[in-house]
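The values are calculated or read from the model by the stated rules, or taken from the named source; none is laboratory data. This is a predicted model, so every value here is computed, not measured. Quick reminder, even Gly has a Cβ in these numbers, built from the backbone with ideal geometry, and neighbours come from all protein chains shown. Surface areas here come from the heavy atoms of the whole protein model, side chains and all, with no ligands, DNA or RNA. Shrake-Rupley method; radii C 1.70, N 1.55, O 1.52, S 1.80 Å.
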Protein chains: 2
Amino acid sequence: MNKRRITSKELAKLAGVSSATISRAFSPDSRIGSATRDRILSVAREHGYQPNAIARSLNNQRSRLVALVVNAIGNPCEAEEQQLLVHRLQARQLLPIILCCADHDDRLQLMRLASTYQVDHVVVFSDMVSMQDAVDIFHTTKPIIVSFEPLENENVSNIRIDGSAAADEIIEKIVNDGKKRFAYLSGTKSSWIDKLRRKWFADALAKRGLAIEAEAFGDYTYDSGFKEAVLLLHRSKVDAIICGNDVMAIGARDAARRMLGKNTPDDIAIVGQDGIAMAAWDCNDLTTLSLDHVAFIDAVVDLIERHDADLPGPHSITLTCNARWGSTA
Amino acid sequence: MNKRRITSKELAKLAGVSSATISRAFSPDSRIGSATRDRILSVAREHGYQPNAIARSLNNQRSRLVALVVNAIGNPCEAEEQQLLVHRLQARQLLPIILCCADHDDRLQLMRLASTYQVDHVVVFSDMVSMQDAVDIFHTTKPIIVSFEPLENENVSNIRIDGSAAADEIIEKIVNDGKKRFAYLSGTKSSWIDKLRRKWFADALAKRGLAIEAEAFGDYTYDSGFKEAVLLLHRSKVDAIICGNDVMAIGARDAARRMLGKNTPDDIAIVGQDGIAMAAWDCNDLTTLSLDHVAFIDAVVDLIERHDADLPGPHSITLTCNARWGSTA
DNA sequence: TCCGTTTGTGTAATCGTGTACACAATCATG
DNA sequence: CATGATTGTGTACACGATTACACAAACGGA
C-alpha cells in the first residue's frame with residue numbers, strides 16, 4: 001500500500017541479474033535468453049514492476065505523447081472527432097494530452113507548456129490558435145503538426161476540406177424550394193476555417209445571382225445560435241440561415257420556432273455544418289453539410305503514421321464533404 | 001526550422017555560465033544574481049530554450065500529469081465536467097492525459113500504460129473500471145484517486161453524490177400528476193453509480209407503495225435510449241420512464257413521440273439525470289435530476305489540492321442533487 | 001581589522017532507463 | 001579440433017534537468 005514504485009536496479013537485484021538485462025526483458029527484440037526473460041517477467045509481475053516511461057522517454061527521445069489542441073471538449077461539433085482520434089491513438093499506445101483553448105486566456109503559454117513535454121505529435125483542431133504560432137512553439141521539438149489550415153512549412157502536414165460541391169447541392173435545393181434571402185451565422189469572428197466554409201456557400205449563391213444578405217457571429221454554442229438567430233430575424237427578412245455548425249443550427253431552429261413562430265422548412269430553411277450524430281436525432285433531423293468523421297480521423301492517423309515512419313516532407317490530404325438531408329431545409 | 005531543441009548545457013555555454021545556473025534562472029526561489037538571471041532568460045528566449053519537462057519530472061519525481069479516466073469524450077453526460085476540470089487543471093499548470101474506456105477493449109492495460117508515466121493524480125469518472133483495479137494499478141506511484149465510488153483505502157478520496165431528496169421531489173410530482181407505472185432505463189448493466197441512482201428512485205417509489213415495474217439497459221447514448229424505450233413501451237404499459245442520463249431520456253422521448261404517438265407529459269412522463277446544458281435547450285426542456293457541475297469539479301480540484309499539499313488520509317465530500325423542472329414530467 | 005553571515009556560482013551526483021561495447025560461453029562448420 | 005559466428009550478460013555512459021555541497025566574494029558589525 002502506498003509503497004514507492006520499484007526501480008529496474010532493485011528488480012535486478014531481486015532477480016539476480018543486471019539492470020541492463022531487466023531492460024532487455026521488456027524490449028521485444030533484444031538478445032536475451034528466454035529462460036531469463038520469463039524469470040524476470042515473473043518477478044516483475046510479482047513486485048508490480050513496469051518500466052518508468054518518463055525515464056524511457058528521456059533516453060529514447062520519444063515520449064509517445066500527442067498534444068491535441070482543441071477549442072473545447074464539451075462541444076459536440078469537435079467531440080466526435082476527438083473521441084475517434086483518442087481511440088485510435090490509444091490503440092497505438094500513444095497517450096493524448098488535451099489542450100483546451102476555449103476558456104484559457106493564454107493559449108500560447110499553454111502550448112509552450114505542452115511543448116516542454118516533448119510531445120511526438122501535435123494535432124491542431126482548434127481554430128483559435130494561428131498555425132504560425134503552433135509552428136513557432138513546437139518546431140524545436142520537431143513534431144508533426146496536423147491541421148486544417150494549409151501552411152507552407154516543411155513540418156506541417158495538413159488536411160484540406162472541400163465542401164464546395166455539397167454546399168452547391170444544398171443551396172440548389174433551398175433555392176428550388178423558393179427561398180431567396182440568405183443569412184450566414186458564423187461560429188467565430190476571424191477563424192480561417194469559418195471563412196472557408198462561408199465561401200463555399202457564398203460561391204454557390206453567387207452562381208445563382210444571389211448573395212448573403214445578413215450576417216451574425218456566434219461562438220459555436222446552442223445559446224449563441226439561439227440568441228443570434230433572434231436578432232437576425234428581427235432585423236432582416238431572411239428565409240434561410242446557414243449556420244457555422246450543427247449546434248448553432250439547432251439553436252437557430254429553436255429560436256425561429258419559439259420566438260417567431262416560424263417552422264422549418266416551410267417558413268424558413270436552416271442548415272448546419274459538421275454532421276454530428278445529434279443532427280440526425282429524430283427531434284433535430286437537420287439538413288447539414290457533413291464531413292465523414294471516420295475518414296477525417298483516418299487521414300489524421302495516416303499523417304501521424306507517415307511521420308512516425310520518418311517519411312520526409314509535409315503531406316496533404318483533401319477530403320470532400322457531403323450533404324446530409326433532414327427536414328430543416 | 002526543424003532544429004533540435006537546445007539543451008541546458010548548450011545554453012550554459014552560450015551564456016557563459018554552468019548548467020546549474022541555467023536551472024536556477026528558471027526556478028523562482030533560487031539563489032541567483034538578478035543580472036545573471038536576466039541575461040540567461042534573454043539568451044534563452046533568443047534561442048527558444050525551455051527546460052525539458054521530461055527530464056525535470058524524472059528528477060523531481062513529479063510529472064505534473066493527471067490521468068482522467070472517462071467513458072467517452074463525446075457523450076455530453078460527462079463532457080461538461082471534463083471540460084471544466086481540464087480548464088481548472090490547465091490553470092494550475094497540470095496537463096491532463098485522457099484515458100477513454102468506452103471502446104477500448106483492454107482498459108486495465110490502458111491504465112497500466114498511463115501509470116508508467118508517473119501521473120501525479122488520477123481522476124476516475126468512468127463507471128466501466130472497478131475502483132479496486134484502479135487502486136491496484138496506480139497505488140505504486142501513489143497518486144490520489146478521486147472517484148464516485150467509496151472505497152476503504154488510504155489512497156482513495158471520493159466524492160459522494162446524494163440524489164435521494166431530489167428523486168423524491170420528482171417522483172412526488174409525477175405521482176401527483178396521476179402516473180402510476182414506472183420503468184427504469186439504466187445506462188449500464190452493472191455499474192456502481194447506476195445502481196445508486198436507481199435506488200434513489202426505487203426508494204422514493206417504495207415510500208408511496210409503488211415500484212419499478214419494467215426495466216431496460218442501454219449504454220448512455222441517444223440511440224440506445226430510443227431503441228430501449230421502443231421495446232419497453234411495446235412490452236409493458238408504463239406511463240413514466242426514469243432514464244439513467246439525459247441523453248437517453250431525449251432518445252426515449254423521441255421514441256415515444258415518433259413510434260407510439262405518446263407525448264410528454266400528458267401520455268407519458270420522462271425524466272433524465274445529469275442536468276446537462278442540452279437538457280435545458282428549448283427543443284428538449286427535460287425534467288432531470290441534476291448535479292451542479294461547478295460544485296462537483298470544485299470538489300475534485302479541492303481533493304487534488306489537498307493531495308498536492310500532502311495532507312494525510314483520504315478525504316470525502318458529499319454533494320446533493322437538485323431537481324430541474326422541464327415539460328417532460 | 002577580523003570574523004561570521006549572506007550571496008552567487010561551479011562541481012558532481014542523482015533520477016530510471018536504453019544501449020554501445022566488451023567479453024565469455026555456446027554453437028556451427030570445415 | 002580449430003575457428004568464426006552467434007548468443008547472453010555485465011559495465012558504463014547518455015538522456016537533460018535539479019540540487020546538496022563546496023567555495024569564493026561581498027558585506028556587516030564589533
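Annotations for the structure displayed:
- Residues in region B:180-211 that are surrounded by fewer than 21 Cβ atoms within 10 Å (Cβ to Cβ) and under 27 Å from residue B:76 (Cβ atoms): B:188, B:189, B:190, B:192, B:193, B:194, B:195, B:196, B:198, B:199, B:202.
- Residue, most open to solvent (accessible area, probe 1.4 Å), within region A:219-239, restricted to residues that are modelled with pLDDT under 95 and among the basic types (Lys, Arg): A:237
Every residue, every condition in (1) touching a residue at least 24 places away in the same chain (Cβ under 8 Å); (2) more than 7 Å from every other protein chain (Cβ to nearest Cβ); (3) in contact with an Asp or Glu (Cβ under 6 Å, 6 or more places away or on another chain), yes or no:
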| site | (1), (2), (3) |
| --- | --- |
| A:67 | yes, yes, no |
| A:73 | yes, no, no |
| A:83 | no, no, no |
| A:96 | yes, no, no |
| A:100 | yes, no, no |
| A:104 | no, no, no |
| A:111 | yes, yes, no |
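- Looking across region B:30-47, just one residue is within 13 Å of another protein chain (Cβ to nearest Cβ) and either within 11 Å of DNA strand D (Cβ to nearest atom) or touching an Asp or Glu at 6+ places or on another chain (Cβ under 6 Å) (or both), and that is B:44.
- Meets criteria (open to solvent by 30 Å² or more (accessible area, probe 1.4 Å), in contact with a Pro (Cβ under 9 Å, 6 or more places away or on another chain) and not assigned by TED's automatic domain parsing to the domain that holds residue B:310) for residue B:177: yes
- Looking only at region A:113-134, and only at residues there that are open to solvent by less than 30 Å² (accessible area, probe 1.4 Å) and facing chain B (nearest Cβ under 9 Å), the one that is nearest to residue B:26 (Cα to Cα): A:116
- Selection count, region B:14-23, where residues are open to solvent by 30 Å² or more (accessible area, probe 1.4 Å), within 10 Å of DNA strand D (Cβ to nearest atom) and in contact (Cβ under 8 Å) with a residue 12 or more places away in the chain: 1
- Subset of region A:188-211 that is at pLDDT 90 or above and in a loop (DSSP other than H, G, I, E, B) - its residue that is farthest from residue A:235 (Cα to Cα): A:207
- Considering only residues in region A:24-49 that are open to solvent by 80 Å² or more (accessible area, probe 1.4 Å) and within 13 Å of DNA strand C (Cβ to nearest atom), the one that is farthest from the chain's Cα centre (by Cα) turns out to be A:31.
- When residue B:293 is tested against the conditions (1) open to solvent by 40 Å² or more (accessible area, probe 1.4 Å); (2) within 12 Å of chain A (Cβ to nearest Cβ); (3) not aliphatic (A, V, I, L, M), the lone failure is (1).
- Residues in region A:1-23 that are within 40 Å of the chain's Cα centre (by Cα) and more than 8 Å from DNA strand C (Cβ to nearest atom): A:1, A:2, A:3.
- Tally of residues being crowded, with 16+ Cβ neighbours inside 10 Å and more than 8 Å from DNA strand D (Cβ to nearest atom) across region B:1-13: 1
- Qualifying position, being on the phi < 0 side of the Ramachandran plot, assigned to a strand (DSSP E or B) and surrounded by 17 or more Cβ atoms within 10 Å (Cβ to Cβ), among A:250, A:242: A:242
- Residue count for region A:253-287, restricted to those that are of a type in the set (D, E, K, R), crowded, with 21+ Cβ neighbours inside 10 Å and either away from chain B (no Cβ under 11 Å) or part of a strand (DSSP E or B) (or both): 1
- Some residue of region A:215-230 being outside any helix (DSSP H, G or I), more than 14 Å from chain B (Cβ to nearest Cβ) and under 16 Å from the mean Cα position of the chain (by Cα): no
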